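Single-structure report; data block below.
The values are calculated or read from the model by the stated rules, or taken from the named source; none is laboratory data. Keep in mind the model is a prediction, meaning the values are calculated, not measured. Glycine also receives a Cβ, built like all others from the backbone with ideal geometry; neighbour counts cover every protein chain displayed.
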Amino acid sequence: MNVRDWQNPDSKWHAHPSNHRLVPGGSEYESRYLWVRDQVKTGTRGLDVGCNCGQLIVNLSRDLGCKMVGVDIIDEFVKHCQTGKAEFGEYHTMDFSRVDFEVVDRLFLGREFDFVTALEVIEHPISVRGFRDRVLHVLRPGGRLIVTTPHPKSASYGYEYYLRHPHHVRMWTYQRLQVTFGSVMEVILLEDIYNQGKLAQIGAVFRKPEER
């Protein structure tokens, strides 16, 4: 699969629910999506970091009436979403972990999000502290960060391959997630996500503290 496949309506990857990180058929996407959907309230406002093909935005908009914004570092993916999925949300090209706070404020017009999703994002070589700080900046008090990341013990993911791959450079465990995000946010949920009975991912939910 290459970027051009995203722009070709005849391609099996065009708006495919499994997106390019997963095998055709979407079973791993479906199990992950259903888990994420359970963490989101109807009609809330969300930001999807690493929105990719925009399928999460489409699904949350259709299923729960969420008002969605997506950001991705790859401009071609963002243009694909802007062209074919504008009715479900708005989309911006940026490296969310490093973008200036002034740019964030200007693009989002001071809006606060009820939740931020980052599905299979934090294992990539992003600035984790920068990502965390920007999540806190855009979340409303009490808002939630929803994360999924490949489980280091998952045979179905073959995580040894991910550790050797130049674009998947971090291994996340419960302890590391708690230290990184739980140090500044309340830990709501840390649990295993299964795909057809096989351990696949860690699902984590953190809540921004209420203002005092």
(Q) Given the criterion of a type in the set (Lys, Arg) and touching a residue at least 12 places away in the same chain (Cβ under 8 Å), identify the matching residue among Arg106, Arg111. (A) Arg111
Q) Of Glu160, Glu102, Glu120, which residue is at pLDDT below 95, out of contact with any Asp or Glu (no Cβ under 6 Å at 6 or more places or on another chain) and either farther than 26 Å from Tyr194 by Cα or polar (S, T, N, Q) (or both)? A) Glu102
Q. Among (1) within 25 Å of Pro150 (Cβ to Cβ); (2) in contact with a strand residue (DSSP E or B) (Cβ under 8 Å, 6 or more places away or on another chain); (3) polar (S, T, N, Q), which single condition is Ser127 missing?
A. (2)
Q) Between residues in segment 170-187 that are free of Cβ contacts under 8 Å to residues at least 60 places away in the same chain and within 20 Å of Leu139 (Cβ to Cβ) and residues that are among the aromatic types (Phe, Trp, Tyr) and buried (at least 17 other Cβ atoms within 10 Å of the Cβ), which pairs lie under 8 Å by C-beta distance while being six or more apart or on different chains? A) Phe181/Phe206; Gly182/Phe206; Met185/Phe206; Glu186/Phe206; Val187/Phe181; Val187/Phe206
Q. Given the structure, is Tyr33 at pLDDT 95 or above, under 14 Å from the mean Cα position of the chain (by Cα) and closer than 25 Å to Arg132 by Cβ?
A. no
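Table: residues versus (1) in contact with a helix residue (DSSP H, G or I) (Cβ under 9 Å, 6 or more places away or on another chain); (2) in a helix (DSSP H, G or I); (3) buried (at least 21 other Cβ atoms within 10 Å of the Cβ).
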position: Leu47; (1), (2), (3): yes, no, yes
position: Leu60; (1), (2), (3): yes, yes, yes
position: Met68; (1), (2), (3): yes, no, yes
position: Arg106; (1), (2), (3): no, yes, no
position: Arg111; (1), (2), (3): yes, no, no
position: Asp114; (1), (2), (3): no, no, no
